[in-house]
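Before any comments, here is the structure.
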Amino acid sequence: MLEVRDLRVRIGRHQIVHVDSIDVPAGGRLGLVGESGSGKTMTAMSIVGLLPDEAEVSGSIMFEGRELLGRSDVELTRVRGAEIGVVFQDPSRALNPMMRIGRQVAEAIRLQMDLSRTDVRRRVVSLLEQVQLPDPASLLRRYPHQLSGGQQQRVLIAIAIACDPKLLIADEPTTALDVTVQEEILRLLVTLSEERSMGLLFVSHDLGVVRFVCDHIAVMYGGGLVEVGPTSKVVELSRHRYTDALLAANPGIPAADEIEAYVGRRLTVIRGSVPALGNFPSGCRFRNRCEFAVESCIESPPVRTVDDDHRFRCWNPAVRSVDASVG
Amino acid sequence: MPALVEISGMHFRYGKAGGRVPAAWTLRDLSLDISADSTLGIVGESGSGKSTLVRVACGLLRHQEGRVAFDGREIDDWLKSSPKDLRRRNQIVFQSPRRSLDPRMSIRRALAQPVRALERRVPTDAEMVEWLARVGLGGEILPRFPHQLSGGQLQRIGIARALSVGPDVLYADEPVSALDVSVQAQVLNLLMDVRSQLGLTLVMVSHDLGVVSRLCEEVIVLQHGVIVEAGRTSEVLADPQNPYTASLVTAARAVSLT
């Protein structure tokens, strides 16, 4: 459904993103994982043409067999909302504080669909029910500040799915929320994606969250993909040293009987910090922080494939006993 | 031996005293003892009062009812007779290292502030290099400004600055949540190291149960300004008694990688 090929984003003299290939099939859920400056948000926003004006984008973004790159804003407006919905990070900033909830959801429908007033209202109520908000009829008349962060994010999801999009892009949708609320919203996104066979492109810095939601994971570092594959393989059989290091550095919650032993135990660290834009090394961009860097890392690493569906770019990947045959 | 920090029946609310309609209590009837050399995690949802509790405990906010004492003396007494000693012995590291440093102040000046304010002297470069070394930074950053440094470096400076006056208690309010995932582990390890080297009492606010389970032997769970559960971290996480704690642990486990 969504096929991104050789996507490059430049701002000024810096190439910020170079993604060779990303696919989201109908109903598929792809997690785009990376730290600040990895280019994950830029990649996601280039699909809907929501990049700053000075960004130069090249490559190909095919959606349902149509090229999205190079389309005018007017044409993209028809795609955004109607066929691709977007949910942003901070729900309190994405809603208009002066407008009642009902009107904000209705606006999303009216922009794309020609419905009577009663039909719009019926649809708004049904959408609020689908995102599991209690008492939708009275919610219509509320203002955003009267809702909790989790409720606000549900309203934004309702707006994003108002016109039955085939793809939903969610950029860190739960980062601003509490852990318990986060779990509810994540479950909701999975349910909606399953019920509607809606593709999901889920952008997050948190591998744990992405594992919970997505069937595939694409790990980004320094503007490029370092590892892509089915969730279980990327998390349990990670090959790229960056993915591996990220997993090891995550504190996680130990099993009930191991917690005592965890207190005070040092975490595995990744040395250094993410370089500023333009300061990444040549070749493998992670090599200045990698414990396993070898001489060849000054060259750009080739894409290697395991089992057809698991790709990574690393000269000296982690060795896994299950796959002796690395292509 | 009495606890280092003793809080009993404490109530706190924001807003001016004597306002016509008093605000609701932010913290209600809260009792808590923090013994010297312990590690305490404070968890709970946003708005539950975690950060407020930390600020009340170290005397940055004044509670209205109940008792808050440090090292056997009432906080009010400390603030009246020897506020600087109270500040020197209780230091805080904040969530956003970038926002807790003045962007127009060099690291040298920023780092010198606590000693200048509390000891009324200007620390030497040699001293400051030593403080920086303790947090894994070099003296070459002294003339630099915050915008020239990464979030991880700035948080190390925040820790170095808090340690510069030799505190007994280090309060850390979400110390790694503003940092990149790959940098969080470095700062958490640093907190563990300085804690054991200096024999500090560590009180850490965090929404991340994974972080708390690594650093804190004890934990309290706050909900709507009330402690709903308290105990050893291992016991609370393994067998939560309160329904809210249980939902917190379940939700955190769902997205945990271990």
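Across region B:138-177, what is the number of residues that are within 13 Å of another protein chain (Cβ to nearest Cβ), over 15 Å from A:P251 (Cβ atoms) and under 15 Å from the mean Cα position of the chain (by Cα)?
Residues flagged as within 13 Å of another protein chain (Cβ to nearest Cβ), over 15 Å from A:P251 (Cβ atoms) and under 15 Å from the mean Cα position of the chain (by Cα) within region B:138-177 amount to 2.
Within region A:97-123, can you find the residues that are more than 17 Å from A:I157 (Cα to Cα) and acidic (D, E)?
Those that are more than 17 Å from A:I157 (Cα to Cα) and acidic (D, E): A:D114, A:D119.
Please enumerate the residues belonging to region B:208-239 that are surrounded by 21 or more Cβ atoms within 10 Å (Cβ to Cβ), touching a Gly at 6+ places or on another chain (Cβ under 8 Å) and part of a loop (DSSP other than H, G, I, E, B).
Result: B:C216, B:G225.
Run down B:S206, B:S196 and say which single residue is under 17 Å from B:E217 (Cβ atoms) and free of Cβ contacts under 8 Å to residues at least 40 places away in the same chain.
Testing whether each residue is under 17 Å from B:E217 (Cβ atoms) and free of Cβ contacts under 8 Å to residues at least 40 places away in the same chain leaves just B:S196.
Is it true that B:P123 is modelled with pLDDT of 95 or more, outside any helix (DSSP H, G or I) and not aromatic (F, W, Y)?
Criteria met by B:P123.
Restricting region B:244-255 to residues that are surrounded by fewer than 21 Cβ atoms within 10 Å (Cβ to Cβ) and not β-branched (V, I, T), which is farthest from the other protein chains (Cβ to nearest Cβ)?
B:A246
Suppose we filter A:D171, A:D244, A:D178, A:D206 for residues that are acidic (D, E), more than 25 Å from A:L267 (Cα to Cα) and surrounded by fewer than 24 Cβ atoms within 10 Å (Cβ to Cβ); which single one remains?
On inspection, the qualifying residue turns out to be A:D171.
Given the criteria surrounded by fewer than 18 Cβ atoms within 10 Å (Cβ to Cβ) and polar (S, T, N, Q), does B:S48 qualify?
no
Note down all Cβ pairs under 8 Å where the first residue falls in region A:244-273 and is more than 7 Å from chain B (Cβ to nearest Cβ), the second is of a type in the set (F, W, Y) and surrounded by fewer than 20 Cβ atoms within 10 Å (Cβ to Cβ), and they're at least six residues apart or on different chains.
Cβ pairs passing all conditions: none.
Would you mention how many residues in region B:171-190 are within 15 Å of B:V212 (Cβ to Cβ) and in contact (Cβ under 8 Å) with a residue 40 or more places away in the chain?
Counting residues in region B:171-190 that are within 15 Å of B:V212 (Cβ to Cβ) and in contact (Cβ under 8 Å) with a residue 40 or more places away in the chain gives 6.
Restricting the search to region A:209-230, which residues are in a strand (DSSP E or B), touching a helix residue (DSSP H, G or I) at 6+ places or on another chain (Cβ under 7 Å) and not acidic (D, E)?
Of everything in region A:209-230, those that are in a strand (DSSP E or B), touching a helix residue (DSSP H, G or I) at 6+ places or on another chain (Cβ under 7 Å) and not acidic (D, E) turn out to be A:H216, A:I217, A:V219, A:M220, A:Y221, A:V226.
Considering region A:28-41 alone, what residues qualify as being in contact with a Gly (Cβ under 6 Å, 6 or more places away or on another chain) and either hydroxyl-bearing (S, T, Y) or in a loop (DSSP other than H, G, I, E, B) (or both)?
If the condition is that a residue be in contact with a Gly (Cβ under 6 Å, 6 or more places away or on another chain) and either hydroxyl-bearing (S, T, Y) or in a loop (DSSP other than H, G, I, E, B) (or both), then A:G28, A:G39 are the ones that fit.
Run B:Q241 past the list (1) at the interface with chain A (Cβ under 7 Å from one of its Cβ atoms); (2) of a type in the set (S, T, N, Q); (3) farther than 28 Å from A:H205 by Cβ and report the number of the one that doesn't hold.
(1)
Just to be sure I understand, how many residues within region B:15-48 are in a loop (DSSP other than H, G, I, E, B) and under 17 Å from the mean Cα position of the chain (by Cα)?
Total satisfying the criteria: 8.
The values are calculated or read from the model by the stated rules, or taken from the named source; none is laboratory data. Being a predicted model, the structure only gives us computed values, none of them experimental. With ideal geometry, Cβ positions are generated from the backbone for all residues, glycine too; neighbour counts draw on all protein chains shown.
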